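Novice: Below are the structure tokens for one structure; questions will follow.
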Amino acid sequence: MIQTGVDPMNLVTHIGLYHYLALAVLLFSIGLVGLITSRNMIRVLMCLELMLNAVNINFVAFNNYLHLDVMAGQVFSIFILTVSAAEAAVGLAVVIALYRMRSSVDIERYTVLKG
Amino acid sequence: MQYYFLNNIWMVPVYPLIAAVIILICRSLDLYRSKEISMGLVVGSTFLGFLHAVAACFWLFAQDPAHTVFVEKNLEWLHAGPFTFSIGYLLDSMSVMMLVVVTFISMLIQIYTHGYMEKDPGYSKFYVYLALFNFSMLGLVLSTNLFQMYIFWELVGVCSYLLIGFWFTRPAAAKACVKAFLMNRVGDFGLLLGILGFLYCSMGWWQSYLSHNPGTSLLSFHAFALAAPHVLVVAGPGLFTLIAFLILMGPMAKSAQVPLHTWLPDAMEGPTPISALIHAATMVAAGIYLVGRVYPIFQVSPSATAIVAVVGALTAFIGATIALTQTDIKKALAYSTMSQLGFMMTAMGVGAFAAGLFHLFTHAFFKAMLFLCSGSVIHACEDEQDMRNMGGLWSKLPITAWTYLIGTIAISGLIWFSGFWSKDMILEGAKEYATPIFALLVLTAFMTAFYMFRTFFLTFTGSYRGSAHVHHESKVMVYPLVVLAVPSIVIGAMLSGVAPFEHWPVFAAYIQPPDVTPVVMGMLHGSTIAGHGAVHETVHHGAWISEIGLLSLGIGLAGVALAFLLYGPKPIMNLEQFKQKPVIASLNRLFSRKWYFDELYAGFVEKVYLVFAKASARFDSGSIDGLVNWTGRSVSSSGAALKELQTGRVQTYIAVIFYAILVLSLLFIYSLL
Amino acid sequence: MTEAIIFWAFTAISVTAALGVVFNRSIIYSALLLILVFLSIAGIFVLNNADFLAIAQTIVYAVGMTIIVLFGIMFTGDRAMLDEPLTSVRKLVSLVLATFTFVLLIKTVQFPFSIQPASQSVIQTLMQSGSTKMLGELLFSQFVVPFELASVLLLVAMVGAIVLAKKTFADAGEMSSQQLSYSIDSGEPTKEANSALHAAASRGEVHLEEVTRS
């Protein structure tokens, strides 16, 4: 724990890699809860974006602390950004198409694969 | 030249097999239509077999009767670990005697069949069955070992089934053939158990025997003289008697001994030629033949021979008592056959080995003739079988009547026709063994004479009581009768070594029970084994006048006289009134109901066997099927339960994926995977 | 010290907003709180020498994504405003799952990474011109292929989204009978489905019956 820069004495005042990673993990978990428990499809997509952003924080923090010379982490982060934006767009298009079918975005109504 | 006949004796069963195959193929391809071709093929094949058998007989008997020569060849067919099954032929005096008898009588009956079955649509099929039966019986006779004999035993049973049920559209015939087969099956089951028990107790001995004597077979008949004492030692007397009894069960069923005898009278539903061939002369004799082949088993155990003797004597007695009351001519002859088979079995039991086989030999001729005569009578009376509707047929069917008379005299042992000699030998043997058995046999001989002449008087004398128009005899059917009459008269005297025939071979000299001293094997020209057995005791020649002879003559005449008085032209008493007397009535009921054996069996099947069978069936469908069904049900119900895992909600699937990732990563981290 | 204050501030805001996104009954409020999350994450990026990425985050997520989401919310009408509660079993299961995930990941990130301080030249560049120059250099030299592919992906996504969301039955006959039956089987048909159905009935393809609902 010492080398990550987490100093048990100064956990609050000295921010290290660990803090950023912990924040990312927390946001990821919150996003996971929302993903699984939401009934509204749009909320599900929003939580998915939340999880992707958490991952982004992870990449950027690693890049900052481990390999600042090579900005590969941030490049990857850009790509994640791009892809998640595209996927969110398509996802919302799907939601709208589904809404046109059943006039509901309640995910409980879409259980055709049941049984 | 002689060696050709000996080494190729295996062809004798094959001739009729080839004939059967040819007929089957040609008839199914419709290559010919004429009936005569079928008959010609089969009769020709049997005739060839007969010539071959006679040639082998002459060559074999040209040897010095002090030695018993035999020719044996075995082919190894199957190997299964220590067990080798061989098939081959064994030609010694016993088998050559049977070969001659079987081929001769088969040939005559096949000629007779032409007259009897001429108008039957299944003519060729009948000949095929006859040829197949011939093949099976001859194969049985030539068997070298007990396994091979068992195979042919079963084959003979199948042929009997096919032939009894030839007119299977009649319900009585259909039931009879199944009854015959099933009852034989029971006997065969016992036989198989006995064989296996015997083998089990002597497996090691057979291994060493086979390694010392290459070219012989497992359970070879020659080695029985040596194997049986060994098994007696290994198994102990009680178990050995059981094994012997189990082996006896086969002949009990096949030769219609009590208690497995009830199929024989029902087998009369078949056409008369096969009643003559199978159920009088040849197949039922197979049981006696088997006993003769495995005789050492009975020789070494007094209790086993006692069982044989008692079974035989009971059969003789019971058969005779039932025959007293029969009104159907074929059934009367069937019970007569059963009684005579009892005589033969008793002979084997009391130690009169040669007597039993001699009686088999002579009985084949005259019983076949008697059946063929009855067939001629039935045919002439337009399928009438009830003797109460016959009478006075002497004038219409003279040759039949004469030959029937000759047969009746032969079977009663009246004059010096062939039955006299063989029956005398049996009675002598029984007297030396045990007086109760002797007394039973004497009483049975009296009854034999009585009921046989009863049938004669009812059928041929008096006035015609029936309603059908009696035809004249058919020429084709008469010739075999005449031919068979000759041996019925003379063959007994010829082979007993009495006055004019001293230089003829004596039957009892050639047919001896096996001896326990080792058999010397050698090679014969053409790579078969020839053996020489040990010298046997001097043979007792028959005499024209002897003590037993006078006794049997006396009782025979007494039986004839009684029959004449009761059934002759002027009956001395009214039989119907006589039958009403109390003791007589109950005896009459017992005998005419066949000692209630059929009712006993039916009751057993219904009350014991079916109950058990139904319980087993319930257990099977409930527990065993239930187990299988439960497996199926549990699979489908578990499937239905697992189906609930598929909720159709994406979020459930995501959760499951995450859980899986979690668990796997935990396992990886803590190095459990 | 300053870093710590800023970090903790942004952390508090993002976590609270994230919780609000998940647990708020109204979806409009969730969307607005999502903007807050994105912006605070942009702040975290700045703390990590990723200034370009922070601005990119703001533009793409906080602005673009939010607009899309809000459009989606507006399209899906009044009934999507309130969220219905779940069964307690599912809530429990998901909380357990999330807790496990959190604990596992926290344990994982406690790994002793070897921190390497950056070289002076890089620090100079970063202090003068920010990370944009360095990112640009990388993107167009080492990562040019993924860059191009990303652009193709965006094009494809755009086309796909248009196709999926296109209103296919402005002209009533275009709704296939399968779509019709599906929408009718599954409950209340939309106004579009209704109009398509009546158009099809007038053309004689479909036979309508009045069914009274009990």
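Novice: HN-Hα J couplings of the stretch B:234-247 from phi, Karplus 6.51/-1.76/1.60, θ = phi - 60°, integer Hz, Gly and Pro as x?
Specialist: Result, ordered by residue: 5, 8, x, x, x, 5, 5, 4, 4, 4, 4, 5, 4, 5 Hz.
Novice: Could you give me the ³J(HN,Hα) list for the stretch B:254-260, computed from phi with Karplus coefficients 6.51, -1.76, 1.60 and θ = phi - 60°, whole Hz, x at Gly and Pro?
Specialist: Going residue by residue, I get 6, 9, 6, 8, 5, x, 9 Hz, with x marking Gly and Pro.
Novice: Given H placed 1.01 Å from N in the peptide plane, which residues other than close sequence neighbours of B:TYR89 have an amide H under 5 Å from its amide H?
Specialist: When sequence neighbours closer than 5 places are left aside, the close amide H contacts are B:LYS73.
Novice: Which chymotrypsin sites (Phe, Trp or Tyr not before Pro) does the stretch B:419-509 hold that lie in a coil by DSSP with at most 15 other beta carbons within 10 Å?
Specialist: B:TYR464
Novice: Continuing with the same structure: Counting Lys and Arg as +1 and Asp and Glu as -1, what is the net charge of the other residues whose Cβ lies under 12 Å from the Cβ of B:THR282?
Specialist: Taking every other residue near B:THR282 into account, the sum is +2.
Novice: Would you mind giving the total buried accessible surface between chains B and A, with a 1.4 Å probe and ligands, DNA and RNA left out, rounded to the nearest 100 Å²?
Specialist: The buried area between B and A, both sides summed, comes to about 1000 Å².
Novice: Would you mind classifying the stretch B:1-127 by shape? Square roots of the alpha carbon gyration tensor eigenvalues, ordered a ≥ b ≥ c; an a/c under 1.5 is rounded, otherwise it is prolate if a/b is larger than b/c and oblate if not.
Specialist: Verdict is oblate for the stretch B:1-127.
Novice: In addition: If you wrap the protein assembly as shown's Cα atoms in a convex hull and average its projection over all directions, what's the area in nm²?
Specialist: Taking the Cα atoms of the protein assembly as shown, their convex hull projects to 73.0 nm² on average.
Novice: When only the heavy atoms of the protein chains count and the probe is 1.4 Å, how do B:TYR200, B:TYR601, B:TYR150, C:TYR29 rank by accessible area, highest first?
Specialist: Listed by decreasing accessible area, they come as B:TYR200, C:TYR29, B:TYR601, B:TYR150.
Novice: Give me the percent of accessible area attributable to carbon and sulfur for the protein assembly as shown, probe 1.4 angstrom.
Specialist: Within the protein assembly as shown, the accessible surface is 70 percent carbon and sulfur.
Novice: Same structure again: Before I look further, what does the stretch A:8-109 give for accessible area per residue, probe 1.4 Å, in whole square angstrom?
Specialist: 28
Novice: For the stretch B:599-672, what is the accessible area per residue in Å², given a 1.4 Å probe and the full set of protein chains?
Specialist: Heavy-atom SASA per residue in the stretch B:599-672 reads 76 Å².
Novice: For every other residue with a beta carbon closer than 15 angstrom to the beta carbon of B:MET39, add +1 if it is Lys or Arg and -1 if Asp or Glu, then tell me the sum.
Specialist: Charge balance in the 15 Å sphere: +2.
Novice: Give the average, rounded to an integer, of partner chain Cβ atoms located within 10 angstrom of each Cβ in C:17-26.
Specialist: That works out to 5 on average.
Novice: Given a 1.4 Å probe and no ligands, DNA or RNA in the count, how much accessible surface is buried by A and C, both sides, to the nearest 100 Å²?
Specialist: 8000
Novice: With a/c under 1.5 counting as rounded, go ahead and sort the stretch A:8-109 into rounded, prolate or oblate using the C-alpha gyration tensor (a ≥ b ≥ c being the square roots of the eigenvalues; past the cut-off, prolate if a/b is larger than b/c, else oblate).
Specialist: Here the stretch A:8-109 falls in the oblate category.
Novice: Continuing with the same structure: May I ask for the angle, rounded to the nearest 10°, between helix B:302-324 and the longest principal axis of chain B, with both axes built from Cα atoms and the value confined to 0 to 90°?
Specialist: So the helix axis and the longest Cα principal axis differ by about 60 degrees.
Novice: Another question, if that's okay. Just report the Cα centroid separation between the stretch B:614-673 and the stretch B:432-448, whole Å.
Specialist: Cα centroid to Cα centroid, the span is 78 Å.
Novice: For peptide C:114-122, compute the average count of partner chain beta-carbon atoms within 10 Å of each residue's beta-carbon.
Specialist: 4
Novice: Additional query: Per residue, how much accessible area does the stretch C:1-149 have with a 1.4 Å probe, in Å²?
Specialist: 55
Novice: Mind listing which GluC sites (Glu not before Pro) in the stretch B:374-468 are in a DSSP loop and have 14 or fewer other Cβ atoms within 10 Å?
Specialist: Here the sparse-neighbourhood loop sites are B:GLU382.
Novice: Mind checking the mean number of beta-carbon atoms from other chains within 10 Å of the Cβ atoms in B:656-662?
Specialist: Mean partner-chain Cβ count within 10 Å for B:656-662: 3.
Novice: How far, in degrees from 0 to 90, does helix B:353-380 lean away from the longest principal axis of the Cα atoms of chain B, to the nearest 10?
Specialist: So the inclination is approximately 80 degrees.
Novice: Now for a different question. For the ranges B:279-286, B:80-87, C:42-49, what's the packing order if you count other beta-carbon atoms within 10 Å of each residue, average per peptide, and put the highest first?
Specialist: Highest mean packing first, the order is B:279-286, C:42-49, B:80-87.
Novice: When the Karplus curve 6.51 cos²θ - 1.76 cosθ + 1.60 is applied with θ = phi - 60°, which whole-Hz ³J(HN,Hα) does each residue of the stretch B:395-404 get, with x for Gly and Pro?
Specialist: 6, 7, 10, x, 5, 4, 4, 4, 5, 5
Novice: So what's the back-of-envelope 222 nm ellipticity for the protein assembly as shown, counting only DSSP H runs of four-plus at -39500 (n - 2.57) apiece and dividing by all residues, rounded to 500?
Specialist: -23000 deg cm²/dmol
Novice: Follow-up. Taking amide hydrogens as modeled 1.01 Å from N in the peptide plane, which residues meet the under 5 Å criterion relative to B:SER255, leaving out close sequence neighbours?
Specialist: B:GLY287
Novice: By how many degrees, between 0 and 90 and to the nearest 10, does the Cα long axis of helix B:35-61 differ from the longest principal axis of chain B?
Specialist: Result, in degrees: 80.
Novice: Hey, another quick one. Reachable lysines from B:LYS175, Cα under 27 Å, same-chain residues fewer than 8 places away excluded?
Specialist: Within reach: B:LYS119, B:LYS125, B:LYS254, B:LYS330, B:LYS331, B:LYS367, B:LYS594, B:LYS607, B:LYS614.
Novice: Also, I was wondering about something else. Going from most exposed to least, what order do B:LYS367, B:LYS570 have by accessible area with a 1.4 Å probe?
Specialist: Descending accessible area places them as B:LYS570, B:LYS367.
Novice: Just to confirm my numbers, what's the Cα centroid distance between the stretch B:1-63 and the stretch B:331-401 in Å?
Specialist: Taking the Cα centre of the stretch B:331-401 as reference, the centre of the stretch B:1-63 is 27 Å away.
Novice: Work out the length of the dipole vector of the stretch A:8-109 about its Cα centre, built from +1 on the beta-carbon of each Lys and Arg and -1 on the beta-carbon of each Asp and Glu, and round it to the nearest 20 debye.
Specialist: Dipole about the Cα centre, nearest 20: 380 debye.
The values are calculated or read from the model by the stated rules, or taken from the named source; none is laboratory data. Source: prediction; values computed, not measured. Cβ coordinates were reconstructed from backbone atoms using ideal geometry, including for glycine residues, and neighbour counts include every protein chain displayed. Only protein heavy atoms, including side chains, enter the accessible area calculation; ligands, DNA and RNA are left aside. Shrake-Rupley method; radii C 1.70, N 1.55, O 1.52, S 1.80 Å.
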